[in-house]
Amino acid sequence: MDSIADMGGTQGWGPARIPTDEPPFAEPWEGRSFALTVLTMGRISGRNLDAFRHALGRLHPVDYLVDGYYGRWLNAAELMLTDSTVLAPGAVDARARRNRGEDVEEPAFPEPTRPDYQATAPGSLREVDHGPAFGVGEVVHTKDLHPQGPTKLPRYLRRRTGTVHAVRPPHVLPDTHAVFAGENPQHVYTVAFPSTELWGPDAEPFTLHAEVFESYLETR
Amino acid sequence: MTDAPSGRLSPALRTEALEQLLVERELVDPAVMDAFITTYERDVGPLNGARVVARAWTDPEYRAWLLQDGTAAIKDLGYGGPQGEHMVVLEQTEDVHHVVVCTLCSCYPWPVLGLPPSWYKDPAYRAGMVRTPRRTLREMGLEVPEGREIQVWDSSAEVRYLVLPRRPAGTEEWDAEALAALVTRDAMVGVAEVAAP
């Protein structure tokens, strides 16, 4: 699906920030949110890293942008927990309001329905029993994908022509893995695109490299 | 924009509430959370990557291995695990400047650089770096010479990149430990150079 998380090349965000030194967590709650989310994406909700990224991509743009990075993680953790019915919708909000003295009723804890899913190995690297379909130096085209579900083909790289720069080892396909429809491991290619192919003849000259899953590519 | 987030509770309040709910259900152990937080505050950070870079600057064989098989060479120094399962190292040269971004989320090589800084996660960086990288780098304080080609790497799958910066002049006699102290996180993403001492 196309979502607020897919930001490549979008405009209107203003200038990039000048880097400064900063601690990993600017405030204590950011560390708590980080740890809660890491635990939620696996152990607690029974989901996985790709499901977490898909949860981020399904957030309302306000929920994605307003609370900052670890706020976005918190919102995605809550979404994963309600997806797995570990929590009822609104449970977090109700508890937070009670904590600050509001007279709010909390929803009952539902019966969890965690996905029936087991990873075949840790991480996302897998083996496949066939070689890569494309080789280094080969000209490839990205498909015009607009799936309802998750995808790792960014909008700005759809229907573009590039050259295979490197063949990477097979990885789990997030599109299906995120929704527990199978790991579908496949080769990943680092594809080089000239900037003019992406942004037209007046683009700044540079080369853009991105990882593209095999099923996103065609030779035409 | 849709409805303004008025009446919206702060993420700090909601984080506290979520932790309470999960602890009450015995789904979360606060001590486990503390251990995660401490690990990423104290142990996993850009100093790991700086040690990799300093080793490559002082050991030509290691440098060659690092550029050929980043995952194995980095693991040899003890760094691996989540978000570092397949590492690729990009070498800055006189002719080419590399810079890394993740436009879909904020993928980042945790084992060598720690958790990403806020600018890396910011929409302006994620949006701009794949469209106007020279301008975006300039906004961040790095002027890339006109003759130097820019290569942008969008880590849109699970490959994680570490940039090997150019060793600054005047450090020929320095050992790896002293060199590591010079290497910055920003240089290992490609938004800065390592300054001469």
| field | Pairs, first in the same structural domain as B:Ser155 (by the TED database) and farther than 20 Å from A:Asp21 by Cβ in the stretch B:120-139, second small (Gly, Ala, Ser) and surrounded by fewer than 22 Cβ atoms within 10 Å (Cβ to Cβ), C-beta under 7 Å, six or more apart | value | B:Ala127/A:Gly9; B:Val130/A:Gly9; B:Arg131/A:Gly9
| Filter the stretch A:165-192 for residues that are touching a His at 6+ places or on another chain (Cβ under 8 Å) and either among the aliphatic types (A, V, I, L, M) or surrounded by fewer than 16 Cβ atoms within 10 Å (Cβ to Cβ) (or both); which is nearest to A:Arg53 (Cα to Cα)? | A:Ala178
| note | Filtering the stretch A:205-220 down to residues that are of a type in the set (Ser, Thr, Tyr) and crowded, with 16+ Cβ neighbours inside 10 Å yields A:Thr207, A:Ser215, A:Tyr216
| message | So A:Gly162 passes all but one of these: (1) surrounded by 17 or more Cβ atoms within 10 Å (Cβ to Cβ); (2) assigned to a loop (DSSP other than H, G, I, E, B). Which condition number does it fail? | response | (2)
| request: Pick out the one residue from B:Ala72, B:Ala124 that is within 11 Å of another protein chain (Cβ to nearest Cβ), more than 18 Å from B:Leu179 (Cβ to Cβ) and surrounded by fewer than 22 Cβ atoms within 10 Å (Cβ to Cβ). | output: B:Ala124
| Any idea how many residues of the stretch B:47-75 are within 19 Å of A:His209 (Cβ to Cβ) and assigned to a helix (DSSP H, G or I)? | 5
| query | Restricting attention to the stretch A:40-55, does a residue exist that is within 8 Å of chain B (Cβ to nearest Cβ), within 17 Å of the chain's Cα centre (by Cα) and closer than 24 Å to B:Val101 by Cβ? | reply | yes
| field | Selected residue (criterion: nearest to the other protein chains (Cβ to nearest Cβ)) from residues of the stretch B:93-118 that are surrounded by fewer than 20 Cβ atoms within 10 Å (Cβ to Cβ) and either under 20 Å from A:Ile18 (Cβ atoms) or β-branched (Val, Ile, Thr) (or both) | value | B:Ser118
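The values are calculated or read from the model by the stated rules, or taken from the named source; none is laboratory data. All figures in this text were calculated on a predicted structure; none of them were measured in a lab. Methodologically, a virtual Cβ is constructed for each residue, glycine included, from the backbone with ideal geometry; neighbour enumeration extends over all protein chains shown.
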